[in-house]
Each structure stands twice: as structure tokens, then as C-alpha cells.
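See structure below.
Throughout, read-outs are computed from the coordinates displayed, never taken from laboratory work. Bear in mind that the values here come from a model prediction, so they are computed numbers and not experimental data. Using ideal geometry, Cβ is built from the backbone for each residue, glycine included, and neighbour counts are taken over all protein chains shown.
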Amino acid sequence: MARLSWVQRLYWRYLSKPVSERALFLHVIDNPFASILEIGIGSGERIKQVLPLCTLPDGCTQIRYVGVDAFESAGPNVPHMNLKAAHRMLAEFGVKAHLIPGDPTNALARVAHTVLPSDLIIIDGTWGADTPQGRAVADWLPRLCHSNSTIFASSVQGGTLQKVALPAAVTEQATANRAA
């Protein structure tokens with residue numbers, strides 16, 4: 001993942017599409033990430049744009065990526081890539097990928113104890129406490145992030161991604177660790 005020239009930075013700041021994900025792109029350009037968790041991969045276009053923008057922190061040789069999505073079971077009217085295509089695409093970027101098929105409610109419950117906390121968390125379409133999926137994601141989120149994590153979320157699939165505050169349990173734990 002290379003450093004961007006000023007022309008490339010100008011493009012990503014003012015001309016990148018989709019506009020609904022521009023805040024995410026700018027944050028990725030300005031901050032190094034060693035791990036990414038994406039809940040709701042969809043067609044895979046977002047991660048194809050994000051991965052080339054990523055810079056690695058010192059001492060890290062490879063990005064760890066965890067993707068949770070319905071994949072083949074998403075249905076015919078929803079634009080999703082299949083599991084095999086997702087593995088192939090992420091391998092082309094040289095990313096260590098852990099793809100978890102299934103509904104986010106069940107998939108996160110299955111793997112929340114085995115997936116390490118991530119630096120960048122992208123939640124597409126399951127954010128908000130008004131749905132069972134949204135409540136499940138909110139319940140497991142403290143195990144999936146750490147005090148330096150950044151969360152971008154959208155309550156509607158394909159909607160505008162906005163930066164979200166860390167869960168209170170994570171910030172309280174970070175404060176307690178610093179005091180000790």
C-alpha cells in the first residue's frame with residue numbers, strides 16, 4: 001500500500017465516488033490500520049477501494065481482514081459477491097482474510113470470542129438498536145473493538161457511512177487500564 005501523491009489525495013477528498021463513503025476514504029488515508037472488520041461486504045466494491053488506500057503501522061506486515069456477510073444466502077435481489085469470489089479478491093490484495101458467512105446476528109455470536117479487536121470497523125446496514133440485527137451488533141461490538149478503534153456505520157444498507165462513537169464499555173475499560 002503506497003503513499004498517495006497530492007493529486008491522488010485531492011481526488012479522494014473531493015471527487016471520489018460514492019460520496020456516501022468519502023468520510024471513510026479520508027479517514028483511511030490519514031490513519032494506519034493493521035486490522036479491518038467489515039459487517040456487510042455487499043458487492044465488495046467498498047473494500048476494493050479502501051485496501052489500496054491503507055497504510056500499515058510500524059511493525060505490521062499485513063492487514064488482517066474479517067468480513068461478515070450473508071454471501072450466497074443474501075438472495076437474488078441483493079448485490080452480493082459469493083464467498084469464493086471474496087476470498088479470491090482479498091488474496092489479490094495480499095490481505096489475510098477471515099470471512100464469516102451468515103446473518104450478522106448469528107455470525108458475530110459464533111466468532112466474537114475468536115476474532116481479535118479491529119482498528120477499523122465498517123458496519124453497513126445493521127447499525128441501530130431498532131432491529132434484532134442492530135441490537136446483536138451493538139451487543140458484540142465491545143468485544144470487537146479496542147480503545148483506538150474507529151467505527152463507521154450506516155443503518156441502511158448502502159447508506160451514508162458516518163463515524164460512530166465507541167461503545168461505553170470500551171471507553172470505560174480503556175480509562176480503567178490507564179488508571180492502573
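Assorted remarks:
- Mean projected area in nm² (Cα convex hull; one quarter of hull surface) for the stretch 1-67: 4.6 nm²
- The stretch 128-145 and the stretch 6-45 have Cα centres lying 23 Å from one another.
- When the helices of the chain are scored as -39500 (n - 2.57) per DSSP H run of n ≥ 4 and the total is divided over every residue, the value at 222 nm lands at -11000 deg cm²/dmol.
- Proximal charge balance of Leu108 [Cβ under 13 Å; K/R count +1, D/E count -1]: -1
- Packing-based order for 109-115, 143-149, using average beta carbon neighbours within 10 Å, highest first: 143-149, 109-115
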